[in-house]
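The values are calculated or read from the model by the stated rules, or taken from the named source; none is laboratory data. Because the structure is a prediction, the values reported are computed rather than measured. Positions of Cβ are backbone-derived with ideal geometry, glycine not excepted, and every protein chain shown enters the neighbour counts. Keep in mind that these areas ignore ligands, DNA and RNA; they rest on the heavy atoms of the full protein, side chains included. Shrake-Rupley method; radii C 1.70, N 1.55, O 1.52, S 1.80 Å.
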Amino acid sequence: MKYFSTFLLLILIIPAVAQENLIMNVDGRNQVSLNGEWNYIIDPYETGFYNYRFSERQEDDREAYWNRPTVRNISDRLEHGYQEPYTIKVPGDWNSQAEVFKYYEGTVWYQQEFDLPPVKDSEEVVLYFGAVNYEAHVYLNGKKLGMHKGGFTPFNFEVPKSLLQEKNNFLVVKVDNKRHADEIPTLNTDWWNFGGITRDVKLLLLPETFVQQYSLQLDPEQDIKKAHESGIYTLSGSIKLNEQPKNSEVTIEIPELKAKKQVEITEDSANFTFQVKDLQLWSPQNPKLYEVKLSIAGNEIQDKIGFRKIETSGKDIMLNGEKVFLRGISIHEEIPQEMRRANSRKDAAKIFEYVRDLNANMVRLAHYPHNENMTRMADSLGVLVWSEIPVYWTIDFENENVLEKAKNQLKEMIIRDRNKASVIIWSVGNETPVSEARTKFMKSLIGTARELHDTRLISAALEVTKDDEGVQHVNDPLGQFTDIVAVNEYLGWYGALPDAKENSTWEIAYDKPLFFSETGAGAKAGFHGKKEERWTEEFQKWYYEETIKMLRNMPDNYSGVSPWILMDFRSPRRNHPVYQEGWNRKGLIDNNGNKKLAFDILKSYYSNIKKASEDKNEKQEQQLIAPGAELKLLADGFAFTEGPATDADGNVYFTDQPNNKILKWSAQDEKVSVFMDNSGRANGLYFDKDGNLYAAADNRSELWKISDQKKVTIISKGFEGNKFNGPNDLWIAPSGGIYFTDPYYKRPYRNFQKQPIKEQKVYYLSPDQKQLKVAADDLIKPNGIIGTPDGKTLFVADIEDNKTWKYTIADDGSLQNKTLFTNLGSDGMTLDEKGNLYLTGNGVTVFNPQGEKILHIPVEKEWTANVTFGGKENCTLFITAMDSVFGLQMNVKGAK
Ligand code: GCU
């Protein structure tokens, strides 16, 4: 009895603890693949597990299928074995691999042998499974390593060294995919119950102490807008080791951000936060991933992580502080052309090809966590992901054990994809019938997801109810506890016809983002007829047309949709002999990869939405340029125009350095006149608030002050006894302090040809012009420079490094918090009243304060050297380019 109860205890405990030891990012670890051809035994009566009394076989029972079948002599009786032709591919479902397996639900024994790769004494050996549907009992050399339930999440078992042998390790996995009422999913699903070792099997060779789990994300607490402003972002996370380490420090490194953080480990884990600069946030438009290294005791793992913030704000879903609309599509983890489970990177690439073709920016991975190749690829392609556990339909909500099983799958899903930027929504279930027990069950799941300190939105696919007046209600009580309200609606397919949709009335009980997680209609590809005829492609097209009309009438919390479904998929519930034959035909693409008519209906709906959001940017652009305004040539015939600066009356002074002149463009009559000959080969110019013109006179590498009477005062000509390289551009802060760049350019007209100062720096001259100090000395070739009217922020372009940096200005004028504003350098630059930054070089490129490019103004000249705002209304963009100066009427004024 005692042995049995301990064994029972073990069975119960083993699944529960699996998550705590689940190893993340196995791709970043030292490993040996055990994929390939495995032997198998189909065992519907579980004869290999139970004896004829149907009690579990003893461990050393030679008829147990986990023991190596050994015939001791010719008269020996043994009634099982592993050999050709009974072999099967791993990873892969068994249903698509042989006709005998097509409808098979039951036990199949998998077996293979492997030789041990060289393992150091200090190393741990771990057996890792990407997923096994549904119940897996794993044995090695006749010993049980453990058991796992759940068909779509990973698990691993440490392999005691004593169990391993150099050659022919006998690995056996009992896989059973029988459905049970008290499992997750339960007895009834609208997808094929593919059985088998459906994902990768790996042998991990790990250092004695290793990082088991870790999370590294943008700290959810920070105000993303403020972070944009300051350019300083806080990252936070946690680390869990496999054991208490001897040396308790883990180093986290993000080389590209020059970030390195030592984390002190207490017992076997730690939380941490640290700040980074120059961070590019991950988004569908810019799926930026950073290489991250975590190392302990000289052992390092690498990962690629994107940083983004997902949240809701009232009725909107916000990505990185911007409202985002989810142009989604639901997907099952299948390659219908081969009637099999998808599992590889190639499969993922195929599926995402269709997703991109649809103009979708989001996928709902239904109804279970898909393989990690899907979420990794979504990370690199910039596709947002909804990931879900198969708490589907009529789960046994009263049963505590079932809740435990659901929680295990939830934890495994979250732990595996914890650092995937693309995953923005965890769903705890689909179409679960409203009842008190159910809502309590689901609420508890939501609680577990929140406890895992994750930064994502929590949801569930709910159902719509219709009242006697035909009003559609979104009022499932579970909607109170989720971050967004997601509903599956099938008006026009499961009830009424599509023309009931446009004028349908909807009562939405929630003021939070509304998402349609399913809507769709069936069609047999190639079957054509009247639109009223069900199963025709025309019917499905009609359904989508009417659905889109209905969605256009949705309230303003409507935040997206993921129609059901990208491709036809296998379902044992779909048995119409002509139109279905075991296929759910709601795909927009059929099982041979052919698009149905409805595909293009959804595609154009999405391209309009995509265009509308791009147009919004466009409009932002339009909002910058005055309606109908064109770039106008104001004057030409110069040698090389530069350094435009505007006086209080809107007149713009600019230089023609090769001709050693400062010229004046009059805001009154738009005429150009010579303001000053012998301008000291002035380049950049800037007016102080008293109307004095300052010039970067690089003939003698000096900084000049020119009074309105054209009296020149040299206010600076070198640093620490050295002549400047050649002051180029300058900006005068409201305090009167002057920032100027000192890049070195060879100038034919100078009396020195050697670079006076090795570093090309940015200097700061104090308001009293008595103190000159280095403001920045870590740029390659600083050129353009401009600051904000509040004197708080300075932008400097490194023309050689093709980057523009942003600094905060401290009270003493020193520059702090250097951050990358954008990966584009510039010659001269300017700001408008909205804080948009105008860079030059190839025409003028405009960036909004978030560093997003919002406009490019082409200038038909080889080089555009500088830009400023001028004119009476200060809304003429004045551009100097080669031998000309141009003007463009803007809808914004210059920053003042
Ligand atoms: C449901 C369900 C899907 C199913 C679909 C359908 O809403 O969530 O799993 O396949 O409807 O009926 O086609």
Show me, bin by bin at 10 Å from 0, the whole-percent P(r) of the range 214-280 based on Cα pairs. 20, 46, 26, 8, 0
Expressed as cubic angstrom per residue, what is the convex hull volume of the alpha carbon set of the range 409-476? 94 Å³
Given the C-alpha atoms of the range 481-625, compute the convex hull and give its volume per residue in Å³. 146 Å³
Hey, what's the range 646-707 come to in accessible area per residue, 1.4 Å probe, Å²? 37 Å²
Per 10 Å bin, what is the whole-percent P(r) computed from every C-alpha pair distance within the range 536-591? 21, 42, 25, 11, 0
Provide the per residue accessible area, probe 1.4 Å, for the range 712-844, rounded to a whole number of square angstrom. 40 Å²
May I ask for the distance between the Cα centers of the range 427-500 and the range 59-93, given as a whole number of Å? 48 Å
Put +1 on the Cβ of every Lys and Arg and -1 on every Asp and Glu Cβ in the chain; which of 197, 395, 359 then has its Cα farthest towards the positive end of the dipole? 359
The range 233-349 shape via C-alpha gyration tensor axes, a/c threshold 1.5: oblate
Ranking request for peptides 848-858, 869-879: highest mean number of other beta-carbon atoms within 10 Å first, then the rest in descending order. 869-879, 848-858
How much of the accessible area of the range 528-644, probe 1.4 Å, is carbon plus sulfur, in whole percent? 49 percent
Could you tell me what percent of the accessible area of the range 671-798 is made up of carbon and sulfur, with a 1.4 Å probe and every protein chain present? 49 percent
With an 8 Å cut-off on Cα pairs and a minimum separation of 6 or more residues, tell me the relative contact order of the range 600-724 in percent. 13 percent
For the chain, the percent of all C-alpha pairs falling in each 10 Å bin, from 0 up to the bin holding the max distance, is 2, 11, 18, 18, 15, 13, 10, 7, 3, 1, 0, 0
How big is the shadow of the Cα convex hull of the range 82-135, averaged over all directions, in nm²? 5.3 nm²
What chymotrypsin sites (Phe, Trp or Tyr not before Pro) in the range 427-521 are in a loop by DSSP, with at most 12 other Cβ atoms within 10 Å of the Cβ? 494
List 538, 267, ordered by accessible area with a 1.4 Å probe, largest first: 267, 538
Based on the mean of other beta carbon atoms within 10 Å per residue, what is the order of 706-716, 782-792, 603-613, 302-312, most packed first? 782-792, 302-312, 603-613, 706-716
Mind putting a number on the dipole of the chain about its Cα centre? Charges go on the C-beta only, +1 for Lys and Arg and -1 for Asp and Glu, and I need it in Debye to the nearest 20. 1520 debye
So what are the radius of gyration and Dmax for the Cα set of the range 20-106, in Å? 16.7, 51
Estimated dipole of the range 319-385 in Debye, rounded to 20 [Cβ of Lys and Arg +1, of Asp and Glu -1, Cα centre]: 40 debye
Classify the range 671-743: rounded, prolate or oblate, from the alpha-carbon gyration tensor (a ≥ b ≥ c, eigenvalue square roots; a/c under 1.5 rounded; otherwise prolate if a/b is larger than b/c)? oblate
In whole percent, and with a 1.4 Å probe on the protein chains, what portion of the accessible area of the range 383-453 is carbon and sulfur? 50 percent
Evaluated at 25 °C with a viscosity of 0.890 mPa s, what Stokes-Einstein diffusion coefficient in µm²/s does the range 597-753 have when Rh comes from the Kirkwood expression over alpha-carbon pairs? 134 µm²/s
Nearest 500 deg cm²/dmol is fine: what mean residue ellipticity at 222 nm does the chain get from its DSSP H runs of n ≥ 4 alone, each adding -39,500 (n - 2.57), divided by its residue count? -4500 deg cm²/dmol
Answer rounded, prolate or oblate for the range 148-265, using the Cα gyration tensor with square roots of eigenvalues a ≥ b ≥ c: rounded when a/c is under 1.5, else prolate when a/b is larger than b/c, else oblate. oblate
Rounded to the nearest Å, the spacing of the alpha-carbon centers of the range 204-218 and the range 735-786 is 47 Å
Expressed in nm², what is the orientationally averaged projection area of the convex hull enclosing the Cα positions of the range 747-896? 10.4 nm²
Accessible heavy-atom area order of 778, 76, highest first, probe of 1.4 Å: 778, 76
Expressed as a rounded percentage, what relative contact order does the chain have, with Cα pairs under 8 Å and six or more residues apart? 7 percent
With the 1.4 Å probe rolled over protein heavy atoms, the range 300-384 has an accessible area per residue in Å² of 30 Å²
Need one value: the accessible area of residue 798 in square angstrom, 1.4 angstrom probe, rounded to the nearest 10. 0 Å²
Over the range 115-246, calculate the relative contact order: mean separation of alpha carbon pairs under 8 Å at least 6 apart, over the residue count, as a percent. 28 percent
In whole angstrom, note down how far apart the Cα centers of the range 327-370 and the range 99-144 are. 27 Å
